[in-house]
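Here the structure is laid out as structure tokens; the discussion comes afterwards.
The values are calculated or read from the model by the stated rules, or taken from the named source; none is laboratory data. Just so you know, these numbers come straight off a predicted model, no measurement behind them. Here the Cβ positions follow ideal geometry from the backbone for every residue, glycine too, while neighbour counts run over all protein chains shown.
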Amino acid sequence: MESSTYMQKPKEKPVHEVRLGSIKAAIWRNETATGPRHNVTFSRIYKDREEDTWKSTDSFGRDDLLLVGKVADQAHTWIMEQRSDRETGSAD
């Protein structure tokens, strides 16, 4: 077995998460020349009964879609609040 000589970069964490039931939005902050930008990833968590472990997927069923929309709305609200705070000089 070969050992690696490079240092692994620590895994970055989202700046905020929104969760309703099994649907989660992770909000990521990216610094740009024009200021911070945010991206959002969506996932659904579920328990794999065969392995008895929690897993996540980016696939959603019909019954998940309303919650995806609600989580997206809450993520959008949070991002807009950050933008508003930045423009008025409040702490980020």
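In summary, Asp58 fulfils each of the numbered conditions (1) more than 12 Å from the chain's Cα centre (by Cα); (2) surrounded by fewer than 11 Cβ atoms within 10 Å (Cβ to Cβ); (3) without any contact (Cβ under 8 Å) to a residue 24 or more places away in the chain with the single exception of condition (1).
Among strands (runs of 3 or more DSSP E) entirely within the stretch 7-49, having at least 2 residues that are over 22 Å from Gln74 (Cβ atoms) and out of contact with any helix residue (DSSP H, G or I) (no Cβ under 6 Å at 6 or more places or on another chain) singles out 23-32, 35-48. Taking into account only those residues within the stretch 50-70 that are in a loop (DSSP other than H, G, I, E, B) and out of contact with any helix residue (DSSP H, G or I) (no Cβ under 8 Å at 6 or more places or on another chain), which is nearest to Arg86 (Cα to Cα)? This residue is Asp58. Among the residues of the stretch 37-92, those that are among the small types (Gly, Ala, Ser), at pLDDT 95 or above and over 14 Å from Val18 (Cβ atoms) comprise Ser56, Ser59, Gly61. The set of residues in the stretch 22-54 that are over 17 Å from Glu12 (Cα atoms), touching a residue at least 12 places away in the same chain (Cβ under 8 Å), loosely packed, with under 14 Cβ neighbours inside 10 Å and not small (Gly, Ala, Ser) comprises Ile45, Tyr46.
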